[in-house]
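Inspection log for the structure reproduced underneath, given as structure tokens.
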Amino acid sequence: MNEKAPIVEIRNLYKSYKRGIQILPVLNDISLDIKESEFLALMGPSGSGKTTLLNLIAGIDKADNGSIKVGGVDITTLSETELARWRALNVGFVFQFYNLIPVLTAFENVELPLLLTGLSKKERHEHVVTALNVVNLADRMDHYPGQLSGGEQQRVAIARAIVTDPTILVADEPTGDLDRQSANDVLELMENLVHKLGKTIILVTHDPRAAKKAHLIIHLDKGVLNARPQTDY
Amino acid sequence: MLLRFLAFGLLRTVISTWYLGVEQSSATRLVTRNAISLVFPLPLSYKEKIRQIEGVKNVSYGTWFGGIYIDEKHFFANYAVEPSTYLEIYPEIVIPDDEKEIFFHNRKAAVAGRILVEKYGWNIGDIITLKGTIYPGKWDFVLQGVYTGRDENVDETAFIFHWAYLNETLKQTAPGRADKVGWYMIEITNPDLAADVSLRIDKSFKNSLAETLTETEKSFMLSFIAMTEAIVIAIQLVSFVIIFIIMAVVANTMSMTARERIGEYAIFKTLGFGGLHISGLIFGESLFITMLGATLGIVLTFPAAKIFSKALSIYFPVFNVTPDTIYMDIGVSFLVAFVAAVFPTWRAIQIRIADGLRRIG
């Protein structure tokens, strides 16, 4: 078992959505600890609330009740502006469809989160090159997303996610739009980020092969958690 | 967008041209006309009485001739004046000294504006024949001078000749109409005296057969414009409609752009960019689109105004794009950019990140 202190502490978390006059509960009394440098996979059927849970941990959605502490900060008490600032420094995002800005080069896309940090241009350049080196795409930094393959775009997205050295990385179906080889490359890269750089990754996936790379798989079903450690970890 | 800004610029130029006479009017000039209407003349004998009034520096007079050159389509302003005093009071009308000398001493002489002379290819010494409408008959004039404007806003399409020539002819053909002038042009010693001098002049002719109405040159010009106010209002309304159309087009473009980019804005928000950054992006884009259209529109307004000016020189002797029109163009483009960006910005800021991200893919 991983004995490190939890970097994410979730307590009695509730979240529901309103659809007209109907209230649909999505997460029901969720409590969960995620340790530093842990690779956690969230699985479950569609509509089980895994993306909602990921969004709440990443501070892009608000819980109805309960607390989420990330790196000791209770993000449920933060205002929208404080959350935005917190996200910029503490969370790296990897999405299924890469979500790169098409009119910006790979370099500029990776540089985006750094624009909020107050680093000088030279410092930003160094950080971006380092991040692109980690994902083996330093030689493609001047390419636009449209000039890159899906796998390469996802690696640029990962570089953008790690460039600020965030507390946690959240990845929502990062291999969902990739072929098998590219998916393996991305997963391998994520594994390396955990093992070599000590990153904490929370991965939402439907893919059992992707989940297999994680230390711990959490199953969500109808808003309720069911944790299962990986036997081969 | 470009064409709309061009149309707006041209219409605003038409409006400013309409008011050009007012802007050009001098604060030290008064105009005295018949109190009933400009159509009714005033006796020539008033000149000396006016000259003796305190505060009056110089007096001249003129009469609208309304002659036709070739046919009605070739309209240009033509009027009879007392040359020496007229040119003293209107120093913005510049005639070379030698031509002025001949003009002063030849009663059948006339001077015409540079644009008019160029338009008809007249030369000094040419006989110009006008067909009288108010004063029937064929009137021959010898072109003895070409005047130019001291500045670019002076009308260079008028035709001026000796009032004495008109009067002498009338003495023979229609003695009842002789020794009468259309209006007096008065130069005063101090612009602050305008109201007092006007009152004094009008008081002098109170209860006479031809009571006078004296006003500043500016008021006189404005009273002319008032006659065509409906046209000016219509042009102004059209220019406002154009602003509204520009606003609608930009607002629609920005709305569509923002809708297409809602996913991108969600990404920016996810990465930690706040409402201020998102607003900056949308307002910046709106401003860029509008300013691009406005800049090209403004640049093209100048050659378009030149073409317009040539084609309609009879109606708009001076048709220059004024700095005010440019400032208005720029002001409108800022206003349009701002208004068009308000709703998309509000929408982009309000949308939840999770909802925005769902639009991608």
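Only the coordinates and a few stated rules stand behind these numbers; no lab work does. What you see is a predicted model; the values in this text were computed from it and never measured. Don't worry about glycine lacking a Cβ; one is built from the backbone with ideal geometry, like all the others, and counts go over all protein chains shown.
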Size of charge dipole - segment B:166-255 - debye, nearest 20, with Cβ of Lys, Arg +1 and Asp, Glu -1, no other charges: 220
statement: Checked segment B:36-210 with the C-alpha gyration tensor, a ≥ b ≥ c its square-rooted eigenvalues, rounded below a/c of 1.5, otherwise prolate if a/b is larger than b/c and oblate if not; verdict oblate
message: 7 Å from Cα along Cα→Cβ at both B:LEU237 and B:TYR19: what's the point-to-point distance in nm?
response: 1.9
message: Apply the Karplus curve 6.51 cos²θ - 1.76 cosθ + 1.60, θ = phi - 60°, to the phi angles in segment A:156-172 and return the couplings in whole Hz, x for Gly and Pro.
response: 4, 4, 5, 4, 5, 5, 9, 4, 8, 6, x, 5, 10, 10, 10, 10, 9
task: Quick one: which residues, 5+ away or cross-chain, put their amide H under 5 Å from the amide H of A:VAL204? H built at 1.01 Å from N.
output: A:LEU42, A:ALA171, A:ASP172, A:GLU173
field: Pair B:LYS171, B:LEU38: separation of 7 Å Cα→Cβ label points (nm)
entry: 2.9
query: Each residue of segment A:29-41 in order: what ³J(HN,Hα) in whole Hz does its phi give by Karplus 6.51 cos²θ - 1.76 cosθ + 1.60, θ = phi - 60°, with x for Gly and Pro?
result: 6, 8, 10, 7, 10, 10, 7, 5, 6, 9, 10, 10, 10
message: Output wanted: per-residue J couplings in Hz (rounded whole) for segment B:329-346, from phi through Karplus 6.51 cos²θ - 1.76 cosθ + 1.60, θ = phi - 60°, x for Gly and Pro.
response: 4, 5, x, 4, 5, 5, 4, 4, 4, 5, 4, 5, 8, 4, 5, x, 5, 4
- request: Choose one answer from A:LEU13, A:LEU27, A:LEU116: the residue with the largest mean-square fluctuation in a GNM of chain A with alpha-carbon springs under 10 Å.
  value: A:LEU116
- request: Subtract the Cα-Cα distance of B:LEU222 and B:SER84 from 0.36 nm times their separation in residues, and report this length gain in nm to one decimal.
  value: 47.0 nm
query: Dipole of segment B:1-102, Cα-centred, from +1 at each Lys and Arg C-beta and -1 at each Asp and Glu C-beta, to the nearest 20 debye?
result: 560
Angle in degrees between helix A:121-134 and the longest Cα principal axis of chain A, rounded to the nearest 10: 70
message: Just to be sure I understand: with springs between alpha-carbon atoms less than 10 Å apart, which residue in B:ILE93, B:ILE201, B:ILE349 has the highest mean-square fluctuation in the Gaussian network model of chain B?
response: B:ILE349
- prompt: By a straight-distance test (C-alpha under 24 Å), which lysines pair with B:LYS100 as possible cross-link partners, with residues fewer than eight away in the same chain excluded?
  reply: B:LYS47, B:LYS57, B:LYS108, B:LYS119
- prompt: By how many nm would the segment from B:ARG259 to B:VAL94 grow when fully extended, if each residue of separation counts as 0.36 nm and the alpha-carbon distance is taken off?
  reply: 53.3 nm
message: Using a Gaussian network model on chain B with a 10 Å cutoff between Cα atoms, which of B:ILE102, B:ILE188, B:ILE326 fluctuates the most?
response: B:ILE102
query: Tell me, what is the FRET efficiency for A:ARG19 and A:LYS122 to the nearest 0.05, using R0 = 41 angstrom and their Cβ-Cβ distance as r?
result: 0.25
- prompt: Helix-derived [θ] at 222 nm for chain A: sum -39500 (n - 2.57) over DSSP H runs of at least 4, divide by residue count, nearest 500?
  reply: -9500 deg cm²/dmol
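Kindly identify chain B as rounded, prolate or oblate by the Cα gyration tensor criterion: order the square roots of the eigenvalues as a ≥ b ≥ c, call it rounded if a/c is under 1.5, otherwise compare a/b with b/c, prolate if a/b is larger, else oblate.
prolate
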message: Taking amide H atoms as placed 1.01 Å from N in the peptide plane, list the residues 5 or more away in sequence, or in a different chain, whose amide H sits under 5 Å from that of A:HIS143.
response: A:ALA106, A:PHE107
query: Given H placed 1.01 Å from N in the peptide plane, which residues other than close sequence neighbours of A:GLY92 have an amide H under 5 Å from its amide H?
result: A:ILE168, A:LEU169, A:VAL170
query: What is the distance, in nm, between label points placed 7 Å from the Cα along the Cα-to-Cβ direction at A:ASP221 and at B:GLN52?
result: 11.9
